[in-house]
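For reference, the structure discussed in these notes is given below.
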Amino acid sequence: MTPSFSVTAERLRDGRGQRSGEPPERVAVVLFNLGGPDGPEAIKRFRINLFSDPAILRVPIFVRFWLARLIAASAQKKAERGYALIGGRSPLLEQTQRQAAALESEIPGAKCFIAMRYWHPFAGDTARRIRQFAPDRILLLPLYPQFSTTTTGSSLHDWHEAAARIGLIAPTTTLCCWFEDADFAAAIAALIVPVLKRAREEIPKDTGLRLLFSAHGLPESIVRAGDPYQEQIARSTAAVVAALARTTGTTEDHQICFQSRATPQKWLEPSTEQALERAATDNVAVIVIPIAFVSEHIETLVELDIEYREIAHRLRLPGYYRVPTPNDDPIFTEALGAIARRALARGVGLCSNEGHRACSERHHGCPWSRYPEPAAP
């Protein structure tokens, strides 16, 4: 049975996530992320795991089994070349481990565990370690700021199945998204500022500059089916632009675009390549901001830093710059810690960074459509 999102009346009484005058509870914080191959020999299996996910390929299981292998094989050589450029493996696990270690100091009584979706450590292994830890509470914390059925939704489903298989039961707070959190927006804006300063110093004074907020794309069919991701990307971008304006005193020209198309379907547009082509037509330099990623991995280190940079050079853009992902940046760590503490303070159940449902009700792919009760006030 899937653990319930039902609400209890209990609530922690202060924003640090503990009752005044009492020792901290033992809190298991589960950090969800995509995962990545840990060596060249793992690339094929990782990609098959990815495309075998019914949240990714929404076709009958007997078709998905073959189609996943066909799609994985069709770009296998390209994937191998990409990983070879970054040492033959994904750095995502190590970066997530550093994030986990940094986050533990922000949450009293917490121990952070990592559950990757498509490669080790898988949810089942993590659930067993948490059972041994015997927590008083569990916080499910996706490292995807914006909710999508293909990322957070898939990870939550995977987690609940894994926890149910081994009988892991504890009061659980589920944070579905934190895309518009003010601390998160300020942390991303802080990463943009030095890149913006460098770009303005290096490009000609009369040359325009555009911020490209690049997010991982989705097939349009998934968005039409009720996935809130596109809306949340737009609202994340608006929050970061506003935070940046408060810091710099100016509102920058900006555009949202989508990268990493992986299937033949029509995906969200404009693509990042299309955005670069428009920038070339407008003769503006660009600063690319990976708005949906909080760790460096192949889609930032290869796609953004190598492939799109080469396209920008071919298009003769006046400048191409890239903002780093937050990784374990101290400002971001503080922001994520504050987000986690506020989620814990809301009690057991489902919450967003706002507490209540944060996206439009037309998005029935949102978990609030299935589990509408809010966390304890």
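Structure data summary
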read-out	value
Lys/Arg +1, Asp/Glu -1 at C-beta; the chain dipole; positive extreme among Ala345, Gln259, Phe51	Phe51
Efficiency of FRET between Ile169 and Arg98 - r from beta-carbon atoms, R0 35 angstrom, step 0.05	0.70
Mean Cβ count within 10 Å, highest first, over the residues of peptides 297-306, 262-271	297-306, 262-271
Partner lysines for Lys266 [C-alpha distance under 16 Å; skip if fewer than 8 residues away on the same chain]	none
Net charge dipole size for the range 182-322 [Lys, Arg +1 and Asp, Glu -1 on Cβ; Debye, nearest 20]	260
Top positive-direction residue, dipole computed over the chain with Cβ charges, set Phe184, Gly167, Leu141	Gly167
Other-chain or far-sequence residues with amide H under 5 Å of Phe113's (modelled H)	Val29, Val30, Leu31
Gaussian network model of the chain, Cα within-10 Å springs - most flexible of Glu25, Glu334, Glu104	Glu25
Candidate aspartates and glutamates - alpha carbon under 17 Å from Lys77, same-chain residues fewer than 8 apart omitted	Asp38, Glu41, Glu299, Glu303, Glu307
Cα centre as origin, Lys/Arg/Asp/Glu Cβ charges: the chain dipole, Debye	720
All aspartates and glutamates inside 16 Å of Lys197 as judged from Cα atoms, apart from same-chain residues fewer than 8 positions distant	Asp206, Glu252, Asp253
Size of charge dipole - the range 269-331 - debye, nearest 20, with Cβ of Lys, Arg +1 and Asp, Glu -1, no other charges	320
Among Tyr118, Leu103, Gly87 - extreme Cα towards positive end, dipole of the range 56-131, charges at beta-carbon	Tyr118
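Read-outs: derived from the displayed coordinates by stated rules, not from any lab. These numbers come from a predicted model, not from an experiment. In this analysis, Cβ positions are derived from the backbone assuming ideal geometry, glycine residues included, and neighbour counts consider all displayed protein chains.
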